[in-house]
Structure formats: structure tokens, C-alpha cells
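Asks: Below is one structure. I have some questions about it.
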């Protein structure tokens, strides 16, 4: 299994020679796991999300979402702060259920692809995530595919809330390169968010913007060795 030059070599990817790639870093949400953020927005509204009388809304607490993804705040503090935005009292479980609503399925063909790809490349996972989401999809991943954790499939799985860094910062890509001893010129990053792709390129890493809005999947980027 190798990168498909017909797909990966184009002016958007800026990858001239796919055969020079030895390491591949995959995003998780949208690339491996299907997600729909609108489902979480709806779930919160259904629970009675409100604006404060002063006119402040949950959008004013953007820092709270940033903090939980970088591990700067605990899951419990996140829940407690969110509860302030609801008309009637909500429980921790209700908060978690609504927060996790955006997490959909992990299609089996993508995992089977990764199992083949890792025979030919060093593969890694790099995800902006938080503890609540992580525990939810880790449980599904274990039940569906039998892996103990993501490090059992990838050489290393990096999660923003654990390392205190978040895409698209230059620092997170440098962190991954340094700790996994990767040559950026031999490394490809695949993400469905353009600003994250641009962040990787700023670190000297080859990067591919996966167009999931048009139905493109990681299974489209590889083919069997000929």
C-alpha cells in the first residue's frame, strides 16, 4: 500500500515526489472519525442553552473551549462552567452526551487501510481534542476494532489536551517532529482543516488538505503497490 501519485501530487498538496514520503501524520476528526459539529450545537440547544440576561452568550466563553483542548482546564471545570449557560439545571452526563453528539462513526475501511499503510510507512496521529471526547471515541475504538488504545495502531498518537499544544500552532508540529525524530521533508500531514494544513507547511512538513466536504476520504489517497 502506497500513496497514489495521481491523487497526492497536485498544486494544492505541493508534493512533488510522493516516494520521498516515509512518515504520515493523520488528523482524527473528519479524517478517520466522521464528525458533525451541528449535532452538538443542536443537542445543547435542546438542553436549554441560553444567553445571559446581560446579553452574553456561550460564544463569549471561547477561551473555555480552547482551554479544555489544551488541557488548561479540567473536564469537570468545563462542565461546571457550561452549566451556567442553561435555563434549567443539567447533569454532567447530559453535558457529556451533548458534547459528544458530534462524534459519529469510525468507518472500518479507514482502519483497515491504516493497518496496511503502517506496513510501508511510519504512521502517527495528531488530534485537537479534549478528555471527554477522547474517552468517548476510545471506548468505541476498543469495542469495534479490539485495540487497547490508539498507540496500538499508530507508532505514536498525539492529543492536544495531553501535550498542551494545539493545531495549527507551529509549536505543536515542531513538538511532534522532535519527539518522533521525523525529517519534515520526508513527512506528510493529512487534515481536513485548511489552517491546520497551512500550519504544518509552515513547519516544513508536506501537507494534504482532505476535501471531506466533497466526499474525499483517506482511502482515496492510497493504492496497492504495483
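Each value in this text was obtained by applying a stated rule to the coordinates, not by laboratory testing. Just so it is clear, the model here is predicted, and its values are computed rather than measured. Please note: Cβ atoms are built from the backbone with ideal geometry, for glycine as well, and neighbour counts cover all protein chains shown.
Asks: Averaged over all directions, how much area does the convex hull of the C-alpha atoms of segment 73-142 cover when projected, in nm²?
Replies: 6.0
Asks: Fewest Cβ neighbours within 10 Å first, please rank 118, 112 accordingly.
Replies: Fewest-to-most Cβ neighbours within 10 Å comes out as 112, 118.
Asks: Then there is this: Per-residue counts of other Cβ atoms within 10 Å, averaged by peptide: what ranking do you get for 94-103, 185-194, highest first?
Replies: Descending mean neighbour count gives 185-194, 94-103.
Asks: Kindly provide the helix-only [θ] at 222 nm of the chain, computed as the sum of -39,500 (n - 2.57) over DSSP H runs of four or more divided by all residues, to the nearest 500 deg cm²/dmol?
Replies: -11000 deg cm²/dmol
Asks: Could you list 156, 195 so that the one with the fewest beta carbons within 10 Å of its beta carbon is first and the one with the most is last?
Replies: Going from sparsest to densest Cβ surroundings: 195, 156.
Asks: By average Cβ neighbour count within 10 Å, what is the ranking of 142-148, 203-209, 172-178 from highest down?
Replies: Most protected by this proxy first, the peptides run 203-209, 172-178, 142-148.
Asks: Taking the highest mean first, how do the peptides 215-223, 120-128 order by number of other beta carbon atoms within 10 angstrom per residue?
Replies: Ranked from most to least packed, the peptides come out as 120-128, 215-223.
Asks: P(r) for segment 131-226, please, calculated from all Cα pair distances in 5 Å bins and given in %.
Replies: Reading the bins upward from 0: 3, 11, 17, 20, 22, 19, 7, 1, 0.
Asks: Just for the chain, what percent of DSSP beta bridges are antiparallel, to the closest 5?
Replies: 20
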